[in-house]
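In what follows, a single structure is set out as C-alpha cells and then discussed.
What follows is calculated from the coordinates using simple rules that are stated; it is not laboratory data. This is a predicted model, so every value here is computed, not measured. Here the Cβ is made from the backbone with ideal geometry for all residues, glycine too, and neighbour counts use every protein chain on show.
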Amino acid sequence: MSDVLRVSIQPLVESDIDEVMSIERQTFKSYWPAVAFINEITNNRLAFYFAARYEKILVGYTGIWIVLDEAHITTIAVHPEYRGKKIGEQLLFHLLAFASSKGSRWATLEVRESNQAAQNLYKKFGFLSVGIRKNYYMEENENAVIMWAGNLRGENFKLKLQKLKEPFDKGESDFQEIQPS
Ligand SMILES: CC(C)(COP(=O)(O)OP(=O)(O)OC[C@H]1O[C@@H](n2cnc3c(N)ncnc32)[C@H](O)[C@@H]1OP(=O)(O)O)[C@@H](O)C(=O)NCCC(=O)NCCS
C-alpha cells in the first residue's frame, strides 16, 4: 500500500479558488474557469465542494451535486505533486459520507475512458461501470464511462467505507468522518 498523507478536509471557499485554478490548469485540458467554481459555491444550492489541505497547502478538491436521493460527482483532483498518497481516497470518502448524511442513496459520475487511475479509485469504493456516453469529451473525441454506486445508506456500503477508512484511523489524523443522519 502506498504512503498515506493525512489531510484536513473543509468546505471550499472563495479564497481557495486561486489554488484550485492552479491545480485545474495543471490537470485538465479543458478546465473550468474560476467563475464556474465561484458560481458553484455561491449560487448553486445543490452543489457542495470540499478542499483538502496538507499543512497550509491546498492539495486537492472535489464536488458533488445532490438532487433528491442521487449524488452526482462533478469533479475530483489532487495536486500533481501529491498524487498517490491517498488524498483522492480521503476526498472521495468524505464526499460519499457527506452525500449519505444528506440522504443520497446513489452516486454517479462520468469519467474519461482513458482515465484508469480515476476509474480504479471509484471501483475501490464500489462504483460499477454502467454505460458509455459517446463522444462526451468532444474536444478530444473521447467517450465517457458512466459509473454508479449504491446503496450508499445500506450496510454493505457502510462496511466498505469503514474498511477503506482503517488506514486513516492509525495515529493522529485530521481526517474527519461524517456520521450519516
Ligand atoms: C484520480 C486522482 C484524483 C486520484 O487521487 P490520488 O490521491 O492520486 O489517489 P490515491 O492515492 O487516493 O489512490 C487511491 C486509489 O486510486 C487508484 N489510483 C490512483 N492513482 C492511480 C494510478 N496512477 N494508476 C492506477 N490506479 C491509481 C488506485 O486504485 C488507488 O488505490 P491503491 O493505492 O490501493 O492502488 C488523481 O490521480 C488526479 O487528480 N487525477 C487527475 C484528475 C482526474 O483525473 N480526476 C478524475 C476526473 S473523473
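Just a few scattered comments:
- Mean separation of Cα contacts under 8 Å, 6 or more apart, over the residue count of the stretch 1-73: relative contact order %: 32 percent
- About its Cα centre, the dipole of the chain is roughly 560 debye, where the only charges are +1 on Lys and Arg Cβ and -1 on Asp and Glu Cβ.
- Inter-part distance where the stretch 1-24 and the stretch 42-109 are each reduced to a Cα centre, Å: 10 Å
- Ranking Gly154, Gln10, Thr108 by Cα position along the charge dipole of the chain, where only Lys, Arg, Asp and Glu carry charges on their C-beta atoms, puts Gly154 farthest toward the positive end.
- Loop-located chymotrypsin sites (Phe, Trp or Tyr not before Pro) in the stretch 1-73 (DSSP state not H, G, I, E or B) with no more than 13 neighbouring Cβ atoms inside 10 Å: Phe28.
- Among Glu24, Glu140, Glu14, residue whose mean-square fluctuation peaks in a GNM of the chain (springs only between Cα atoms under 10 Å): Glu140
- Neighbour cut-off at most 12 other Cβ (10 Å), DSSP loop, trypsin sites (Lys or Arg not before Pro), the stretch 33-80: Arg45, Lys56
- Loop GluC sites (Glu not before Pro), the stretch 37-75, which have at most 12 other Cβ atoms in a 10 Å radius of their Cβ (DSSP): Glu55
- Convex hull volume of the chain per residue (C-alpha atoms, cubic angstrom): 119 Å³
- Look at the alpha carbon pairs under 8 Å that are at least 6 residues apart: their mean separation over the length of the stretch 8-165 gives a relative contact order of 17 percent.
- Backbone phi angles across the stretch 138-153, fed through the Karplus curve with coefficients 6.51, -1.76 and 1.60 (θ = phi - 60°), yield HN-Hα couplings of 5, 4, 9, 6, 10, 7, 9, 8, 8, 10, 8, 9, x, 8, 4, 9 Hz in residue order; Gly and Pro are listed as x.
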